[in-house]
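Presented below is the structure to which this report refers.
The values are calculated or read from the model by the stated rules, or taken from the named source; none is laboratory data. Note that the coordinates shown come from a computational prediction; the quantities given were computed from them, not determined experimentally. Every residue, glycine as well, gets a Cβ built from its backbone with ideal geometry; the counts of neighbours run over all protein chains shown.
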Amino acid sequence: MRNYLLLFIFISISAGCIRQNNWNQYLGPNRNVIADEVKISGTWPEKGPSKLWEVSLGPGYGGASIYGNEVFVLDRIEEESDVLRCFDLATGEEKWSFKYEAEGKIPFPGSRTVPYVDKDYIWTVGPLGDFYCFSKKQKAPVWNLNLKDEFDAELPNWGFSQSPLVYDDLVIVAPQGSKAGVAAFNKKTGEIVWQTRPLTGHNFHVSPVSGRFGGIDQVVMISPYNQRDSLQMHEVVGFDIKTGKELWKYEGLKSFATISPATVIDDSRLFLTDCSYNGNYNPVSILLEIAKDENGFNVKEVFKTEEAGCKMHPAVYFQDHLYLNTNGRPNQMVCMTMDGEVVWESGSAANFEMGSLIMVGGLIINQNGKSGEIHLIEPSPEGYKELGKASFFSSDKSQAWAPMASARGKLLVRDMEKLVCVNLVD
């Protein structure tokens with residue numbers, strides 16, 4: 001009996017470790033770009049941490065997901081098809097792939113999204129709106145549909161950029177069509193469970209996030225206004241994640257090209273950041289307080305500032321400060337208080353363009369979106385503290401805009417030509 005009990009405890013602990021050590025979706029396990037399960041080296045040698053492996057990919061901006069010892073990336077063969085690829089995390093060997101036809105041409109060609117992965121399935125959205133659920137065991141689709149066709153949605157300028165969100169038995173995306181703004185499906189069968197009203201803005205490139213406000217689990221979606229159509233107005237909306245019921249909305253972000261998703265700070269605060277504010281490519285950042293009383297939800301602006309705002313990626317929240325790459329002029333990293341005050345800028349020390357940030361073991365890794373170079377940074381309100389930097393890319397057309405991923409002491413980072421795995425625990 002004692003042996004069975006020990007075996008049960010071992011299996012339970014192992015399962016818990018697997019859950020904690022996965023980067024199984026867009027922006028990580030909690031969709032907040034933070035991996036804190038492992039301590040990493042706080043110093044890098046002159047040439048940076050060691051590269052474990054690299055693999056060639058087609059052009060694209062879709063980041064990787066990690067589950068167990070496998071890496072999943074949605075790749076694309078230009079104008080022809082999408083390809084789900086599975087690599088071994090330790091070696092980079094391609095274990096299997098599945099290609100489906102997806103004919104069409106989009107500007108800035110390539111994949112856009114990050115797969116959601118659990119122990120049995122993978123969910124992906126291709127740039128032409130092809131929504132797939134794959135079986136790991138069968139290495140083949142379980143079900144699929146097209147968001148453009150299903151919800152009468154327009155193809156966004158640069159293709160669909162929806163990274164799926166899974167909650168219990170639901171998989172959630174935001175087709176932003178005339179039939180529905182956000183929709184939830186049975187994750188195993190593909191049947192629609194609920195769908196919301198159409199959103200007031202146009203179909204752009206931001207993905208939904210989940211949070212819990214007022215004791216209710218919610219999905220939050222941003223819908224930007226259309227500069228070419230005055231009838232398509234901006235809104236940020238919170239829906240009950242179990243039913244799709246609308247709970248609150250906010251109309252003060254005033255963005256026309258939102259890509260950065262909302263950042264859930266805690267059970268009452270939501271951070272928004274953008275760089276297409278008020279009719280021009282101007283930065284903006286907003287902190288909202290979301291509260292519930294007997295009459296419903298109330299949304300209050302804690303601060304709104306035009307001193308900083310990120311065009312493409314969310315901020316990192318750490319110890320009552322926000323760290324983000326502002327896309328004003330110049331493009332640089334900034335640290336902001338929870339009152340909206342910018343306490344430092346990286347200045348000439350580092351220009352990060354439209355690269356992404358990730359926090360691993362209490363340290364920030366920031367990628368230059370133009371060169372692909374990565375920088376190790378100690379988060380501190382006292383100033384920009386760089387601990388090391390490294391370059392694994394040489395292309396002049398790098399455009400390293402994809403979100404990074406990290407699990408088990410490894411970092412996955414890509415540009416327009418390849419995916420690189422870096423060892424962070426040397």
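Quick check: anything in segment 171-180 at positive phi, in the same structural domain as residue 127 (by TED's automatic domain parsing) and not small (Gly, Ala, Ser)? Yes, because at least one residue in segment 171-180 is at positive phi, in the same structural domain as residue 127 (by TED's automatic domain parsing) and not small (Gly, Ala, Ser). Taken over segment 37-63, residues that are in a loop (DSSP other than H, G, I, E, B) and either within 17 Å of residue 403 (Cα to Cα) or in the same structural domain as residue 85 (by TED's automatic domain parsing) (or both) amount to 6.
Against the conditions (1) under 17 Å from residue 401 (Cα atoms); (2) surrounded by fewer than 18 Cβ atoms within 10 Å (Cβ to Cβ); (3) small (Gly, Ala, Ser), residue 161 satisfies every one except (2). Here residue 296 fulfils each of the conditions (1) crowded, with 22+ Cβ neighbours inside 10 Å; (2) more than 23 Å from the chain's Cα centre (by Cα); (3) on the phi > 0 side of the Ramachandran plot apart from (1). Consider residue 78 carefully, then state whether it is among the charged types (D, E, K, R), at pLDDT 95 or above and either farther than 25 Å from residue 312 by Cα or out of contact with any strand residue (DSSP E or B) (no Cβ under 6 Å at 6 or more places or on another chain) (or both). In short, no.
Residues that are under 19 Å from residue 276 (Cβ atoms) and either of a type in the set (Asp, Glu) or surrounded by fewer than 23 Cβ atoms within 10 Å (Cβ to Cβ) (or both) within segment 313-329 comprise 328, 329, listed in sequence order.
Is it true that some residue in segment 114-131 is over 28 Å from residue 191 (Cβ atoms) and either among the β-branched types (Val, Ile, Thr) or surrounded by 22 or more Cβ atoms within 10 Å (Cβ to Cβ) (or both)? No; the residues of segment 114-131 include none that is over 28 Å from residue 191 (Cβ atoms) and either among the β-branched types (Val, Ile, Thr) or surrounded by 22 or more Cβ atoms within 10 Å (Cβ to Cβ) (or both). Being hydrophobic (A, V, I, L, M, F, W, C), surrounded by 14 or more Cβ atoms within 10 Å (Cβ to Cβ) and at positive phi is true of residue 33.
Inside segment 348-365, residues that are in contact with a Leu (Cβ under 8 Å, 6 or more places away or on another chain) and within 24 Å of residue 258 (Cα to Cα) make up a count of 4.
Rundown of residues vs (1) crowded, with 22+ Cβ neighbours inside 10 Å; (2) closer than 24 Å to residue 61 by Cα; (3) of a type in the set (Val, Ile, Thr), yes/no style:
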position	(1), (2), (3)
302	no, no, yes
311	yes, yes, no
341	no, no, no
346	yes, no, no
366	yes, yes, no
370	no, yes, no
384	no, no, no
394	no, yes, no
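Test residue 182 against the criterion of being touching a Gly at 6+ places or on another chain (Cβ under 6 Å) and of a type in the set (Val, Ile, Thr), and give yes or no.
The answer is no for residue 182.
When segment 235-260 is filtered for residues that are in contact with a strand residue (DSSP E or B) (Cβ under 7 Å, 6 or more places away or on another chain) and crowded, with 23+ Cβ neighbours inside 10 Å, the ones remaining, listed by number, are 236, 237, 238, 239, 241, 253, 255, 258, 260.
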